[in-house]
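Colleague: The following block contains the structure, expressed as structure tokens.
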Amino acid sequence: SVVNIYTRKLLNERRHPLLDEPFYRRFFDQSAGPQQQRMASSLGSGVIVSGDGYILTNEHVIADADEILILLSDGREAQAQVVGTDPETDLAVLWIELEDLLAIPVGNSSQARVGDVVLAIGNPFGLGQSVSQGIISAIGRGLGLNTYENFLQTDAAINRGNSGGALTDAYGNLIGISTAMLESGASQG
């Protein structure tokens, strides 16, 4: 039920501001040149929440993407459409048109307690499906990242690319979406 998400977006390269000054333009003769473009790509994770193709992920994973590719653990892939986003909670809903999708069972995060065993499932560093185990370290945590926050803190390894992936209880029920990590040079959960 956990998928890898790859995004691409076309970026316009910014010219150096000195090229906008008439005095410097004559030395570089680039004022009339075309603006450069480059393709940027990123990766993240998502969770199939319904068998008819709806996927939950973080808004920051797909923000401003021109193309969103979903890769399933069975090797299938599909282009995703954005159904909706909510930057205030950093959540996004995507949709793919594929058959035989396995939706994750949804648990109740309000029943989570400090010390409960959890699993973080995602696509860290673009390596593909990966699972790390930890415990819930705190509930109701606020980090000042979003308008609305009620984070479950875990010591399970969370790395770049895990964003949008599943945080499950020990029975595999979805209780959260991996959203943020403490930046310290190493995984901090």
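The values are calculated or read from the model by the stated rules, or taken from the named source; none is laboratory data. Only a predicted model underlies this, so the values are computations on that prediction, with no experimental measurement involved. Cβ: placed from backbone, ideal geometry, glycine included. Neighbour counts: every protein chain shown. Ligands, DNA and RNA are stripped out before the accessible areas are found, and what is left, the full protein with its side chains, is counted by its heavy atoms. Shrake-Rupley method; radii C 1.70, N 1.55, O 1.52, S 1.80 Å.
Colleague: Nearest 20 debye, what's the magnitude of the dipole of segment 94-189 about its Cα centre given +1 on Lys and Arg Cβ and -1 on Asp and Glu Cβ?
Modeller: 320 debye
Colleague: Near Leu56, within a Cβ-to-Cβ distance under 14 Å, what is the net charge of the other residues, with Lys and Arg +1 and Asp and Glu -1?
Modeller: Spelling it out: positives minus negatives among the neighbours equals -4.
Colleague: Expected output is a single nm value to one decimal: the length gained when fully extending between Glu77 and Asp64, i.e. 0.36 nm times separation in residues minus the C-alpha distance. What is it?
Modeller: Stretched fully, the Glu77-Asp64 segment lengthens by 2.6 nm.
Colleague: Which percent of the accessible area of segment 59-172 is formed by carbon and sulfur heavy atoms (probe 1.4 angstrom)?
Modeller: 49 percent
Colleague: Okay, next question. Expressed as a whole number of Å, what is the distance separating the alpha-carbon centroids of segment 100-117 and segment 154-181?
Modeller: Comparing the Cα centres of segment 154-181 and segment 100-117, I get a distance of 10 Å.
Colleague: Peptides 55-67, 154-166, 84-96: what's the order by average Cβ count within 10 Å, highest mean first?
Modeller: Listed from highest to lowest mean packing, they are 154-166, 55-67, 84-96.
Colleague: Quick check: net charge around Leu119, other residues with Cβ under 15 Å of its Cβ, Lys/Arg +1 and Asp/Glu -1?
Modeller: It works out to a net charge of -3.
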